[in-house]
Amino acid sequence: MTLPEFLNQTIMFQGLSPEQLTELANLAIAKTYRKGEIIFHQGDAGIGFLWFDRGA
């Protein structure tokens, strides 16, 4: 499954056109974090949109 197809299956992005989904997917950056690694602290300034695929 491609990322645009995956995004289209989520409620948040279902109203977007295929072109918009592709554009959004092209902006995505996949990152992997180690167990226990701090990703952000409460009160940190927002730097973007975080989407968690899986985790503990």
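Rundown of residues vs (1) touching a residue at least 12 places away in the same chain (Cβ under 8 Å); (2) within 10 Å of the chain's Cα centre (by Cα), yes/no style:
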| position | (1), (2) |
| --- | --- |
| 3 | yes, yes |
| 12 | no, no |
| 16 | no, no |
| 24 | yes, yes |
| 27 | no, yes |
| 38 | no, no |
| 42 | no, no |
| 45 | no, no |
| 54 | no, no |
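Screening segment 19-44 for residues that are aliphatic (A, V, I, L, M) and either under 13 Å from residue 4 (Cα atoms) or at pLDDT 95 or above (or both) and picking the one that is surrounded by the most Cβ atoms within 10 Å (Cβ to Cβ) gives 21. The conditions of being in a loop (DSSP other than H, G, I, E, B), on the phi > 0 side of the Ramachandran plot, out of contact with any strand residue (DSSP E or B) (no Cβ under 8 Å at 6 or more places or on another chain) and of a type in the set (Gly, Ala, Ser) are not met by residue 15.
The values are calculated or read from the model by the stated rules, or taken from the named source; none is laboratory data. What you see is a predicted model, and the numbers here were worked out from it, not measured in a lab. Neighbour counts are summed over all protein chains in view; Cβ atoms, including those assigned to glycine, are modelled from backbone coordinates with ideal geometry.
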